[in-house]
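Visitor: Take a look at the following structure, please.
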């Protein structure tokens with residue numbers, strides 16, 4: 001009888017831990033999706049303080065042309081005024097969580113102005129996030145243009 005009671009307790013404990021882990025993972029997924037949407041909004045609103053907060057100091061991004069930029073270069077580019085995002089709409093966001101690290105992928109359609117010319121871009125992208133000191137920061141990004149059909 002004690003063995004049955006012990007086995008039941010172990011099963012309940014295992015399921016409890018699994019449910020807790022799933023709930024925590026879903027919470028992280030929601031938090032990161034929210035940060036990605038806020039990031040898009042910050043680009044449209046020129047909220048460079050937000051970018052400074054969510055991009056890690058060693059952040060690196062690779063753009064669709066293969067250019068690599070640091071956090072400082074990325075923010076300076078946006079601040080320059082040569083480039084502006086007027087609309088940024090996310091589709092198909094997916095989050096994979098690995099403890100204190102996560103990878104977010106998505107498809108984004110942007111309307112942009114660069115040196116006075118308007119563009120529409122369709123991009124597939126990947127952002128890598130790390131939870132450091134209790135908050136999520138993006139450490140790397142990569143985007144690829146989706147070919148026009």
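Visitor: Give me the number: length gained by fully extending residue 37 to residue 87, i.e. 0.36 nm times residue separation minus the C-alpha to C-alpha distance, one decimal in nm.
Guide: Extra length from residue 37 to residue 87 when fully extended: 16.8 nm.
Visitor: Calculate, in nm to one decimal, what residue 109 and residue 135 gain on full extension: separation in residues at 0.36 nm each, minus their alpha carbon distance.
Guide: 6.6 nm
Visitor: From Cα pairs below 8 angstrom and at least 6 apart in sequence, can you work out the relative contact order of region 64-149, rounded to a whole percent?
Guide: Here the relative contact order equals 23 percent.
Visitor: Given a Förster distance of 30 angstrom, what is the FRET efficiency for residue 120 paired with residue 27, based on the Cβ-Cβ distance and rounded to 0.05?
Guide: That gives a FRET efficiency of 0.30.
Visitor: So for region 17-131, averaging the separation of alpha carbon pairs under 8 Å that are six or more residues apart and normalising by length, what relative contact order in percent results?
Guide: Contact order relative to length: 20 percent.
Visitor: For region 33-149, state the semi-axes of the equivalent ellipsoid (square roots of 5 times the eigenvalues of the alpha-carbon gyration tensor), sorted largest first and rounded to whole angstrom.
Guide: With the √(5λ) rule applied to region 33-149, the semi-axes are 22, 17, 13 Å.
Visitor: Return P(r) of region 101-149 (all Cα-Cα pairs; 10 Å bins starting at 0; whole %; ordered from short to long distances).
Guide: In order of increasing distance, the bins hold 24, 38, 26, 12, 1 percent.
Visitor: Once label points are set 7 Å from the Cα along Cα→Cβ at both residue 47 and residue 149, what is their separation, rounded to one decimal in nm?
Guide: Those two pseudo-labels are separated by 3.4 nm.
Visitor: If you average the alpha carbon positions of region 109-149 and of region 34-57, how far apart do those two centres end up, in angstrom?
Guide: Spelled out, the Cα-based centre of one part sits 11 Å from the other.
Visitor: Let me ask you something else. Using r as the Cβ-Cβ distance of residue 80 and residue 101, and R0 as 35 Å, what FRET efficiency do you calculate, to the nearest 0.05?
Guide: After rounding, the FRET efficiency stands at 0.65.
Since every read-out is calculated from the coordinates, none of them should be taken as a lab result. Being a predicted model, the structure only gives us computed values, none of them experimental. With ideal geometry, Cβ positions are generated from the backbone for all residues, glycine too; neighbour counts draw on all protein chains shown.
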